[in-house]
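Laboratory data are not the source of any read-out in this text; all were calculated from the coordinates shown. Everything quoted here is computed from the prediction, not taken from an experiment. Glycine gets a Cβ as well: all are built from the backbone with ideal geometry, and neighbour counts include every protein chain shown.
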Amino acid sequence: MNGTGAWRLLRTAAPRRALLTGTLLAVAAELGGAALLGVSGWFLATCAVVTLQANTTWSWMYPSGAVRTLALARTGLRYLERLVSHRTLLTTTVALRTRLARGAARLTPRELRGQRDGTLLTRLTSDVETVAGLPANVCAPLTAAVTTACLVEILLLWATPLLGAAELVVWAAGLTCVRQAHRRTRAHLRTAADARSALRTVLLGSRAAFDELRCLDAVPQARESATTAMAAVESAEWAAARAERLGRLGLRLLAAAGQAAVLVTALCAAPRQPVAVVVGDVLLMAAGWELLERLPRLVNLLSEAGDAAGRLAPLAAEEPLASPRRPTAPVLATVGLPLPGSSAALTSTLSGAGPLLVTGPNGSGKSTLLGQLAGRIPAPRGTVVLDGTPVHELPARVVAETVTLVEADDWLADDTVAANLRQAAPSADAATLRAALEAVGLAALPLGTPVGPGGRLLSHGQRRRLAIARAVLRRPPVLLLDEPTAGLDRPTAEALLTALFRALPETSVVIALQDQDLGLLDRPPVSVVHLGGEDRDATGPAGPVAVDRGRGAVRAAAARAS
Amino acid sequence: MSGTSVLLEELAVDRADDPAAARLKDWAAIGRPELRRAGILRGAAQSGTVLWAGGLAWGAQRGLSALHGELPVAALALPVLLTAAGVALRSVLLAAGDTAAARGARDVREALRRRIIETALPVSGPARTDLEEAAPARAVDGEVDQLTDWLTGYVPARTTMLLGSGLVLAALACRSWFVALLVLAATPLLPVNLKVIGLGAQGAVHAQLTGIRTHQARLLDHLRGLPTLVGLGAHDEAARVLERDDREVARRTEKVLRIAFLSTAWVELLITGTLAVVATYCGLVLLDYLHVPGVPDRMDLSAALFVLVLVPAYFAPARDLAAGYHARAQAAAAAELLGTVLDARAERDLPSVAPLRPARGSAPPEVRLAAVTVRHPGRVAPALDRISVRLAPARCLAVTGPSGAGKSTLLAVAAGLSAPSEGHALHVLDGRAVPADPGRVSWVGQPAHLLPGTLRENLLLARPTASDDDLLDAAASLGFEDLMTALPQGLDTPLGERGTGLSSGQSQQLALVRALLRDAPLLCLDEPTAHLDPAAEQRVLSALRTLARDRTVLLATHSPALLPLADEVITLHHGRVR
């Protein structure tokens, strides 16, 4: 029962008063239910005894009234308990999910990239619901069942100590049975959760690559692996359910033993104890056992919540309280940044106008270099600094105030063109947005155009240019562009780059370009970082080279370490 | 019994004209025998309860008769045994019933999941474009599971109620016909309210499920864009929007629950109320206070206790049915959402019965597009506007034009990957025109998609029988010998989700090797050199020369370097040939 993590999470998100009210209502309702049966039995037996003894002083009005009151109270309390508990559930879900969705921004870009399709979604939907469901689905019924059982036990111990002791033994056996079943169930459920995540990944991946799969005639293989994953889910869940069923069966069989023991012990002690009390005891016991039958299910739910909380822990780290300080003159600089795949290093200060070019063949690490400059990919400590602090140690939102990176295949929200642009400039009016579109040569694209999931309603080039327009609206001090012209025809690409520099005269732009696209620039770059493997010889000297033309405030130097 | 049948009749009429109900019934058919067995076993379990009540009442009577003397243990042996045996019998029958129900539900779920997988990944016909990317995964993972409670709870509940409540009613009638009449009189109060409340809940449940679905789509989109949103400083705003959505969904859920709990509360009130009435009646009879004509006024303690503890047992199946009713409304709502995933294919399936699967390396086809128009949903201007193309076998057509002119769409239509809104896309084989079929096509897209798994597995998709040597030979024949040697793990290099782990140039080269292994007669290349530097472009170009030999080729490109490959060139502009 690893519920502690879940409780810690709940404590911060659940409204405590509602939680307490719900639990109290549940306890009261269950007690009412058990008492209804017990009091009714006692009432009938007393009536029989009274008639037998011709006792005329006993009044039937109060006990019978109590029975009716208990009946009404139980129904009302149950309804109220359900309402309160589920309101707690919903409030907690929203609070937890919001907090964790914000917390997801603290993950490293690598983690985010790895989890974004299946895993993170599961965390924020089913895991959050499992944890938030604790009060309504587990906490209230569990407390109610245990409290009722304890009260019944105390009553028995007080009335007939021998009987109480006997029942205690049977209940202890029942608890052991529940624990054992639970341990088995848990192992199976762990397998099932992994299988589910695998199934989702297979389906999402196959759908994304469907065109290729279809033409390769490989759809049957993809189906096959999805079917295998599905079978794994079912068989693991089957094993878990089976262990749970067996646990419940064991508990019910123990109930048979327990009730037989009560009947024998109580009736044999009859002269010392009125038969009416015995009947009441037995019926209370029966009600208690019925409540305990729920234990296996509840304990499993508790563990599931614990597991879910464990998975949520990385997202739930406490928010650092330090308010992001706004650097007055933010300076992004690299100090001896090792260049990917070579022994040379880059030392440069990025401020003021003028493009810094990063070139090199595919796979030479252009995107990695831009990712390191933006702090999305860890660089060796102290090599990329923003106002003296290593950039990847800063909160992403502080970095975002200085640096904006447009990735090669950047994300677009499944919304309109205007909504995507407004992410960068929430309060911009339509004219501003249109101007930004015009700058990237998308003037013909209406602002209300839906871009579709992943921007798929737009062409590849349109997607790329829309992402650039969005970054332009942000007017960042440093703008990093990963192959902005790929997929564009030459006139469009030239116009794009020219308009870009005109729109952002103050910005220090770093552009990753392929060698053949270097001619698209209408101005000489202030500096060129040439990345490349040792085997390159056709288009330039081996190894990374920085060409420093000494313009403006930018100074770049890369030296071979030899 | 009649009351029970009335209830069931009402329930049966209730949903007869509901398409979701028909669909659910259809789906559940495969698990029906097991589910019926579950119902019978659970109903029979009530006989255990009757035995338990009998033992209890008998024991109490023995205790009462020995009010003033010692009660020998021997006299108690039989009643106690009966009680324990009753509980044990009930436990065993219930466990057996649960197993049968779980087995039935599992069969149904498996069949449904298999169908969804088949729909999401169709082997023939044009690829689906109207199905949201994450919908099948959500259907398999979430909505199918929403049927479980309905299958294990509601479907067998009718049989359970008929048999179980019948057994208890018969036992009640044996000891007191008046109490049996009382509970029977209370029974018709159940169906009317269940029906009314159940109908109200379904609409709300549906609204809630739709809300959750929309919300999940937003959530997925949000999470995909998280690095970008944080980089733009827009993350807090986006999180706020998400929270607002979340609250809206929560509000709807709360409304549904309020109604759902009301019906449960009503059933509970009926049960506890009847119990209170029966207890009062029995008490008065035992006290000999009740003298109403026509009402029995004689009863012993054993009979009184027996009927008292059996009253909740009589209603228990009805209570389960009430709980199952909501499971049913939930299942019906899930069925509608599942239906949209499962149905759409039927409308778009090609009429052709057996798709023509050409043998590997068969003769190159002629490609004909006749007045093809493609409209994307939500866009006014068509992506392609009455395009006609005729490409002779083994020729190469280059499609150029500015970004967004419709080049990729034209290739997809010609490959049979998407169906045109108007016009026809045909492949002509040996003088016979057949609908375009992706089975004849090697597709290299932008960016190249690779599946999770090893590099070898990705290559084997194209030709499952190939040996490692075949794979390396294929790479070598395209001039990519160094591709594998550059990777430390060679063919065993693991590729992550969406083929991460390779540079875009490496992915593109792999896609070309895959195309060669596939050996299909029609080659569709969508910007094959878009992400490549000149050196890599040259390598790809020479590889393409090898690939294009004896194949019909459709090539969408900007790169002037690729144009010498083409026999014909067309230029698209805003979906038209310029």
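HN-Hα J couplings of region A:148-153 from phi, Karplus 6.51/-1.76/1.60, θ = phi - 60°, integer Hz, Gly and Pro as x?
4, 4, 5, 4, 4, 4
Kindly provide log₁₀ I(q)/I(0) values, in the same order as q = 0.13, 0.16, 0.17, 0.22 Å⁻¹, from the Debye equation applied to equal alpha-carbon scatterers of region B:209-308.
Rounded to two decimals, the profile gives -0.66, -0.81, -0.86, -1.06.
May I ask you to list the aspartates and glutamates whose Cα is less than 19 Å away from that of B:K25, ignoring any residue fewer than eight positions away on the same chain?
Filter leaves B:E9, B:E10, B:D14, B:D17, B:E34, B:D107, B:E110, B:E143, B:D145, B:D149, B:E336, B:D343.
Tell me whether region A:4-315 comes out rounded, prolate or oblate; compute the Cα gyration tensor, take square roots of the eigenvalues as a ≥ b ≥ c, and use a/c under 1.5 as the rounded threshold.
Taking the square roots of the gyration eigenvalues as a ≥ b ≥ c, region A:4-315 is prolate.
Work out, step by step, the length gained on full extension between B:R32 and B:S542: first 0.36 nm times the residue separation, then minus their alpha carbon distance; give nm to one decimal. Working shown, then result.
On the way: separation 510, 0.36 × 510 = 183.60 nm, distance 6.12 nm.
Using 0.36 nm per residue and subtracting the Cα-Cα distance, I get 177.5 nm.
Can you sort B:H291, A:H460 from fewest to most other Cβ atoms within 10 Å of each residue's own Cβ?
Ranked by crowding around the Cβ, least crowded first: B:H291, A:H460.
With each pseudo-label sitting 7 Å past Cα toward Cβ, what's the A:L175-B:A371 distance in nm, one decimal?
Here the modelled spin labels are 8.2 nm apart.
At R0 = 45 Å, how high is the FRET efficiency between B:S421 and B:A561 if r is their beta carbon distance? Nearest 0.05 is fine.
With a Förster radius of 45 Å, E is 0.85.
Taking +1 at the Cβ of each Lys and Arg and -1 at the Cβ of each Asp and Glu, which of A:A313, A:A239, A:A104 sits farthest along the dipole of region A:4-315 towards its positive end, judged by Cα position relative to the Cα centre?
So the residue furthest toward the plus end is A:A104.
What is the extension gain from A:A418 to A:L518, computed as 0.36 nm multiplied by their sequence separation minus the C-alpha to C-alpha distance, in nm to one decimal?
32.9 nm
Return A:M230, A:M285 ranked ascending by Cβ neighbour count within 10 Å, so the fewest neighbours appear first.
Ordered from fewest to most neighbouring Cβ atoms within 10 Å, A:M230, A:M285 come out as A:M230, A:M285.
Can you list the GluC sites (Glu not before Pro) in region A:279-320 that are in a DSSP coil and have 11 or fewer other beta carbons within 10 angstrom?
Passing both the DSSP loop test and the Cβ count: A:E318.
Estimate the FRET efficiency between A:Q53 and B:R258 by the formula 1/(1 + (r/R0)^6), using the beta-carbon distance for r and 35 Å for R0, to the nearest 0.05.
Details: r = 51 Å, r/R0 = 1.45.
Efficiency, from the Cβ-Cβ distance: 0.10.
What chymotrypsin sites (Phe, Trp or Tyr not before Pro) does region B:217-302 have in DSSP loop regions with at most 14 other beta carbons within 10 Å?
Hits after loop and neighbour filter: B:Y289.
Using θ = phi - 60° and the Karplus form 6.51 cos²θ - 1.76 cosθ + 1.60, what ³J(HN,Hα) does each residue of region A:182-199 get, whole Hz, x for Gly and Pro?
5, 4, 5, 4, 4, 4, 5, 5, 4, 4, 4, 5, 4, 4, 5, 5, 5, 4
Per the Kirkwood formula on distinct C-alpha pairs, the Rh of region B:531-578 is how many angstrom?
Kirkwood hydrodynamic radius for region B:531-578: 12.1 Å.
With labels modelled as points extended 7 Å from the Cα through the Cβ direction, what inter-label distance (nm, one decimal) is found for B:H573 paired with A:V335?
With each label point 7 Å from Cα toward Cβ, the separation is 5.6 nm.
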